[in-house]
Each structure stands twice: as structure tokens, then as C-alpha cells.
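Quick notes on the structure that follows.
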Amino acid sequence: PRHMDSVLDILDALESPARGGSPGTATALGRGLGVCSTPGCRAVLGEPPRTPKHPPALTSGQWQLLTELLHYDPVTPELGVVLAPDGSTVALSPLLAGIEAGLRSGGFGRPLPTLDPPVDPLLAVTIAEALGTSFLLARWGDNTTTLGPGGCWDDVENPQNYTLIGPQSPVPDPVAIGAMDGVVLGARLARGPLPVAELLRDYYGTGNGSEAGRPPSSYRRRDFGELAGQERLEKEVAAVLGLLRTLSPSPELLRNMGTQEVAAVAHRAAQEFSQRYVECPAIVPRCLWGARPYRGTPALLQPPLGSVFLHHTLEPARPCRTFGACARAMRNMQRFHQDIRGWDDIGYSFVVGSDGYLYEGRGWHWVGAHTKGYNTKGFGIGIVGDFTAILPDPDTLALVRDELLPCAVRSGHVRPDFILRGHRQLGQTDCPGNALFQEIQSWPGFQ
């Protein structure tokens, strides 16, 4: 299966001391198989070693999977991705490039070269070059897709095929996620080497259905933002584009571009990336949590809407803290709403798990069935759990208050002067629970 657990099994075999492995084994193998194939990445990490032979530590099936995952092709980036236990889809090429840059920055392996103009190696090989290239292509071409899209797996329990849903850019969502993870983990390795399998296992956790708790990977947006805020990212995109100009041959996209034009591209790239992947929460699409089809014909909303209505799900009563648990909760709620209540679909616009993710219900575009009499006037946000006596954890509250609501305004789905209400204010119900209703009265927009 194209799951992170499969990659961890391969890394365990490659890094086994009994078989002569070390923390650098996986990155050296990755470079030989095609990781870091772009001009800027090669300038930072050096030319790749010769194509490696099948290591005796791996089975033929493991070797075949690894070669497919690490032979990065920008035309078909969806072939180099795996499903992580937190439900995110991760491109391995920028992830391993960041890990190598981190290891070498920390003194493990060959020293990194001194470049002119200077660039941050970790950001250059993970996101800065890809981001700069994407926005250069948009500047010169008719294709205006610069970031995204996301996609879905054929089966989250046994993932084999991943399909992008929408026009492809040089930075589809899995590449952005792999790059952010590469920065976070590379920064960790710069402080001291660790076996890569151990590092990834701690970061991603294992087992899609695990109830053990929220893995560190679900905090990637916050952690990446702390390491590479918009201002720093803008500086590094401009620096990498400057580096590409010095290479021979220099990219056609950069010819006849002045310094100010490059700076403008870097500014737009950093701003849009930060808004999409750092400031806004990740949304798990319907196809990933296993939604049934909508029954009937959905009605379109007319954004921007003036209201947001907050709910608790009541059932399940316990907050879900993993992708597996939250996806099951979504399927159960949809089944109840369709089969028992007779609705066309799950009623909420979005549902918030305590795993760090939003789950797409009716979404931004379709009228929901969450707040009777007001469904066309606002979005219904449900938080998984019973919050009559207790509150969601602080991270979940912050996700809604500090990320989802401002993002909804910036993206034009909600008016800047929106009104936030609890469900009980508009109907005969205790929803969203006494504890949560008391909490939201201090939030911006509450009325």
C-alpha cells in the first residue's frame, strides 16, 4: 500500500545497523533514484550519485515501490505520494530533500556548498524553488493555476492510486505538504542526526485507525509558519530565483526580468502560499473520509454569507483525535442524517475534529441542513463531541476562532462583518452545549 507505514518498513530495513545502514542511507538512495532533480536543488545538494542497485535489505516489492515513489516527475507528481496516518497526502521528494539538507546542515555527511547569492538550503530544496517556478510560469503563461489541487485515494485502508481533483500546478497540495514536513523535520535534524525511520515514525504516528492521539504532523502548518513566516519565505524565493539566474543555462522564464520583477513574483508567491497553507486550516475532502453521494440536487449558496452558526455534534460524544476516528464519525453522521432524518446529505457545512483538521460536509458552495430557517444565510460548523459540560481542547477552539473564521473572510465566503451565533439562539435546542456556548460569547462576531 502507498501508505507511510510501508515507507517506514523500507526505512527500517535500510537503516538497520546490522545491515550497514545509517541515517544517511535513505537520502543517498533517494538522490540516486531521482529526488532533487531540479537545477536549483542540484546546485544546493550537488549532482546525484549514480543510479543505485537493488539493496539486498529490501524485498523486490519494496524496491519496486521505492523506485516508483522516489522517481519524481513533475508531470505526474501524484505517483510520488503516500497517505500518512493523519490523513494527509505527502510527496516524498521534497520531504527527503529537506531531510538531507537538515542532516548535512547538522554536520552529518558532506558539507553543503557556499552559494552566491546565498540561499537557505532547507527552504531552497523543499519549497522555494518550486514556488518561484510556479509563479513564474503563471506570470508568463495562460495557466494561472499556481497552487494545488488536492486529491483523493481510491481506498484509504489500502491506498494504491491517488488522483488530483482539479487543474494541476507545479505545487499540488501533496508537494506543499511534503515540503512543509521537509522543513520541519530538516530543522530537527540540523540539531543532531536521528535514524530517518525513527524521526518519521514519531512525527506521523502509525496506523490509520489508531486512537492514541494527535500526531505532530497535524501541527505542520503552525510549525512551518514559525520556521518560515511569509517574510522569510519571500526572501528565500527571491534568493533561489537569483541563484537560478547564475546557472548555465539560465531558465528561460527568468530572462529579461529585472530585480523588482523577481521581487514581485517572490512576494506574491510567499503571500499566497502562506494564506493557503499556513493561515488557513486543512480541509479533508469528502472523497477522503468516505462520503456517500448527495441525494437529489444541491442548491447553490450566494456568497459572501453574513452568518456562521456553531454546533456540537452531541453524537459521537467524545472528540475524535485521529483521522480514522474522525472519518468514521463523519460516515456515521452522514448515515444518520440521510437514513434517519431523511436529509439529502450530512447537514453541516464543515465538521471540526480534535485531530487538527476540518472535514468537508456540504462545503462552501451548497446549502446545508444545519440551522432550520437559516441554511441559506450562513455556514454551519459542527465540532465533534458533547460540549455541555466540557470544552474542546484549546487547539481545536483556536482552529475555529483564529484560523477558520478569518480564512473564510479572506477567501470571500463570509462577510467581514459576519455574525457568529450558537445554534440555540435560532431554534429549540441546547446545541452547541452550555460550555461551548459560554466560550463563543467572547469570540469576534458573536451577537
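The values are calculated or read from the model by the stated rules, or taken from the named source; none is laboratory data. Since the structure is predicted, the reported quantities are computational estimates derived from the model, not experimental observations. Backbone-built Cβ (ideal geometry, glycine too); neighbour counts: all protein chains shown. Please note that ligands, DNA and RNA were not included when accessible areas were found on the heavy atoms of the full protein model with its side chains. Shrake-Rupley method; radii C 1.70, N 1.55, O 1.52, S 1.80 Å.
If r is the Cβ-Cβ distance from Leu247 to Lys377 and R0 is 56 Å, what FRET efficiency results, to the nearest 0.05?
0.55
Jot down the per residue volume, in cubic angstrom and as a whole number, of the convex hull over the alpha-carbon atoms of segment 1-105.
So the per-residue Cα hull volume is 107 Å³.
What share of the DSSP beta bridges in the chain is antiparallel, in percent to the nearest 5?
The antiparallel fraction comes to roughly 35 percent.
Taking the Cα centroid of segment 1-59 and of segment 214-241, what is the distance between the two, rounded to the nearest whole Å?
If we compute the Cα centre of each part, the gap is 25 Å.
Pull the list of the chain cysteines that no other Cys approaches to under 4.7 Å, Cβ to Cβ.
So far as the 4.7 Å Cβ criterion goes, Cys431 stand without a partner in the chain.
Please compute the contact order of the chain in relative form: average sequence separation of alpha-carbon pairs under 8 Å and at least six residues apart, divided by the residue count, as a percent.
14
Rg/Rh for segment 305-381: what does it come to with C-alpha atoms and Rh from Kirkwood?
Reported Rg/Rh (Cα atoms, Kirkwood Rh): 0.95.
Just to be sure I understand: with springs between alpha-carbon atoms less than 10 Å apart, which residue in Glu315, Glu100, Glu15 has the highest mean-square fluctuation in the Gaussian network model of the chain?
Glu315
Remind me, relative contact order of segment 170-308 in percent, using alpha carbon pairs under 8 angstrom and six or more residues apart?
Contact order relative to length: 24 percent.
I want to verify a result. In a Gaussian network model of the chain, Cα cutoff 10 Å, which of these has the top mean-square fluctuation: Gly141, Gly361, Gly380?
Per the Cα network of the chain with a 10 Å cutoff, Gly141 tops the list.
How much of the accessible area of the chain, in percent, comes from carbon and sulfur atoms when a 1.4 Å probe is used?
The value for the chain is 53 percent carbon and sulfur by accessible area.
How many Å² of accessible area per residue for segment 4-279, probe 1.4 Å?
42
With every protein chain present, what accessible area does Leu79 have (1.4 Å probe, heavy atoms only), rounded to the nearest 10 Å²?
Roughly 90 Å² of Leu79 is accessible to a 1.4 Å probe.
Cα-based Rg of segment 305-441 per 2.2 N^0.38 Å, rounded to two decimals?
Cα Rg divided by the expected 2.2 N^0.38 Å: 0.95.
Which longest run of the chain has no exposed loop site in it, a site being trypsin sites (Lys or Arg not before Pro) in a DSSP loop with at most 10 other beta carbons within 10 Å, and the site itself not part of the run?
Excluding the exposed sites themselves, the longest stretch runs over 54-190.
Near Leu123, within a Cβ-to-Cβ distance under 10 Å, what is the net charge of the other residues, with Lys and Arg +1 and Asp and Glu -1?
That works out to -1.
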